[in-house]
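The structure appears below as structure tokens.
Derivation of every value follows stated rules applied to the coordinates shown; laboratory data play no part. Please read these numbers as outputs of a predicted model, since none were measured by experiment.
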Amino acid sequence: MQWSLLALTLVTTTFVLSACDTGAGGLGNPGGGPGPINAARLWVVSPNTDLVSFVNPGGLFGANVPPNTELELSISNQVVSPKDVAVSQSGVLIIANGIGLSIYENASTASGSRQPDRVVAGPNSEINSPIAVAIDRPNDVLFVSENVAQNAIYVFDNVSQPNFDGDPLPDRIISTDDTSFDPSQLAFHAGDLYVVSRDEIFVYANASALETIAAVPDRVISGPLLDDPIISIDSLGRLVVANQNDTILIWNNAAGLDGSPAPDLMLTINGAGRLESAVIDSDDRLYAAERNDAAIYSLDNISVLGSGSVNADRVIESNTLLTPDRLFLFEP
């Protein structure tokens with residue numbers, strides 16, 4: 001009986017020490033493996049390092065957190081210099097990269113040296129080296145911004161279907177006569193397409209049905225705080241902006257923004273030097289990619305914070321996070 005009690009004590013002690021070891025990934029770490037397709041997943045896009053994802057990232061922290069997927073970049077793998085990702089409602093992963101659109105039927109399989117199930121590129125589709133993508137999930141409509149033709153956005157329907165492959169013609173093209181139109185980033189929310197062009201954000205309503213050569217945005221968001229911004233929009237409709245410095249800007253109602261409104265929240269994260277992008281999950285938790293520290297900063301309860309300097313609640317570090325650039329959060 002004494003031996004059994006000692007064994008139980010040792011097992012209990014080992015479990016507690018393992019759970020508290022932040023150097024190994026911290027509480028909530030799923031411990032590698034692709035993870036289920038229907039789980040929340042945070043993708044970290046870096047142009048020159050592998051594309052990685054973390055399943056259920058809310059509880060992750062520590063000095064060496066292993067990703068759940070790590071997709072090797074190479075011409076033979078048909079994924080080179082990724083710029084952006086999108087995930088359809090059915091879990092299809094679309095990667096905008098130097099080859100074209102590399103597509104994985106199951107997002108959780110985009111790991112190792114596995115080649116995509118489909119690749120879209122060529123003169124018909126006008127897809128050569130896409131730099132941004134956004135998806136209307138309920139309608140399965142994809143918006144693509146190209147590095148070559150910088151004054152147009154290409155629109156494709158039914159992109160989760162197997163016949164979206166090869167070199168299809170766009171179903172629609174959103175374009176403009178304005179030669180300064182430079183769509184470097186895209187976000188879609190509640191029927192509206194948000195397009196970053198230099199230091200402005202153009203908003204097009206009912207974008208999935210829009211087709212025009214002289215597209216006039218329904219709204220334009222601008223102002224001195226927008227400096228080549230990287231944007232995201234959360235499930236509550238909050239516009240989140242990173243300007244590659246130490247501050248995150250948040251507007252509570254993206255659907256009502258026009259002109260140069262002041263942000264509802266300005267957060268400076270202590271210790272951060274260059275925050276490349278930020279996203280907010282459905283638990284009101286913000287993740288910010290810190291390029292200088294090669295880390296992901298995590299802040300809880302964003303809605304109750306006031307503007308000013310804050311400390312990160314958690315920091316996710318990993319050997320795979322060398323130059324984190326854009327973040328993409330998928331929640332089923």
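With Cα atoms as the point set, segment 72-221 shows a radius of gyration and Dmax of 14.5, 43 Å.
Over all distinct alpha-carbon pairs, what is the Kirkwood Rh of segment 35-129 in angstrom? Please report the intermediate quantities before stating the final value.
Working: mean 1/r = 0.0735 Å⁻¹.
After inverting the pairwise mean of 1/r, the radius is 13.6 Å.
What value, in deg cm²/dmol to 500, does the helix sum -39500 (n - 2.57) over DSSP H runs of n ≥ 4 give at 222 nm once divided by the residues of the chain? Write down the numbers at each step before the final one.
Details: 1 runs with 19 residues, N = 332.
Theoretical 222 nm ellipticity from helices: -2000 deg cm²/dmol.
Normalising the average separation of contacting C-alpha pairs (under 8 angstrom, six or more residues apart) by the number of residues puts the relative contact order of segment 90-182 at 23 percent. All C-alpha pair distances within segment 153-192, sorted into 5 Å bins from zero, spread as 5, 15, 22, 23, 20, 10, 3, 0 percent across the bins.
Enter the angle in degrees (range 0 to 90, nearest 10) between the Cα long axis of helix 2-20 and the first principal axis of the Cα atoms of the chain, meaning the one along which they spread out most. Tilt relative to the chain: about 30 degrees.
Counting every pair of alpha carbons in segment 132-221, the share spaced more than 18 Å apart comes to 37 percent.
A P(r) calculated from all alpha carbon pairs of the chain, with 10 Å bins opening at zero, reads 6, 26, 34, 22, 7, 3, 1, 0, 0 percent.
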